[in-house]
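Below: one structure, written as structure tokens.
The values are calculated or read from the model by the stated rules, or taken from the named source; none is laboratory data. Since the model is a prediction, treat every value here as computed from it, not as a measurement. Here the Cβ positions follow ideal geometry from the backbone for every residue, glycine too, while neighbour counts run over all protein chains shown.
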Amino acid sequence: MKKLFATAIAALITLNLMQGAESTEAQAPKEGQPAPDFSLPAGDGSQVSLKDYKGKWVVLYFYPKDFTSGCTLEAQNFQRDLAKYQNAGAIILGVSVDTAQSHKDFCAKEGLNFKLLADSDTKVSAQYGSIMEYGGAKMAARNTFLIKPDGKIAKVYLKVKPAEHSEQVLKDLETLKKS
């Protein structure tokens, strides 16, 4: 009975998160548009700007919260596939509204070797149509933007499923690089 109750609560939370995400995704940049530039602090103490990666493919993924099950799974899968992304000439940047210290702790705990960026004021998440409210707090919605070396958006993924997302992005990256 407890397991059923916990499953029902998790389903309600997921539904609320998805409904909150719907409100801003219409504002997300579209394929072919320039990716909005930004500068955010990373968990490793550096300041990261999108323009720093001009000439490279960028996987810019937004996620709700460090240390939660779906976000951990998504990050672990990106880490699992990191060498494949590097071989394809792509870098991975994760963004949430957590603090840089939270990102540092999350990377250390999960062995993540890519940058997680702190969007504490939610401005970048909002620029990318990836902000939602949950329990009165603003969080990043689970969206990803694949950005071409020229700085334009090649592919937009809204409401991604963490378990299969990294594999799908890799597949699309390979297809897009051929075209």
Test set (1) closer than 13 Å to Tyr63 by Cα; (2) surrounded by fewer than 24 Cβ atoms within 10 Å (Cβ to Cβ); (3) out of contact with any Ser or Thr (no Cβ under 7 Å at 6 or more places or on another chain); (4) in contact (Cβ under 8 Å) with a residue 60 or more places away in the chain - Val156 fails condition number: (1)
Close pairs from the range 93-106: first free of Cβ contacts under 8 Å to residues at least 60 places away in the same chain, partner part of a helix (DSSP H, G or I), Cβ under 7 Å, at least 6 apart: Gly94/Ala75; Val95/Val124; Val95/Ser125; Val97/Ser125
Give the residues of the range 31-53 that are under 18 Å from Leu146 (Cα atoms) and either of a type in the set (Asp, Glu) or modelled with pLDDT under 95 (or both), sorted by residue number. Glu31, Asp37, Asp52
Leu73 vs (1) of a type outside the set (S, T, N, Q); (2) over 14 Å from the mean Cα position of the chain (by Cα); (3) surrounded by fewer than 18 Cβ atoms within 10 Å (Cβ to Cβ): all pass except (2)
Do you know which residues across the range 160-179 are surrounded by 13 or more Cβ atoms within 10 Å (Cβ to Cβ) and not in a helix (DSSP H, G or I)? Val160
Which listed residue is surrounded by 19 or more Cβ atoms within 10 Å (Cβ to Cβ) and not polar (S, T, N, Q), from Ala118, Ala88: Ala118
Residue check, Leu4 against (1) closer than 15 Å to Pro162 by Cα; (2) at pLDDT below 95, all met but one. Which one? (1)
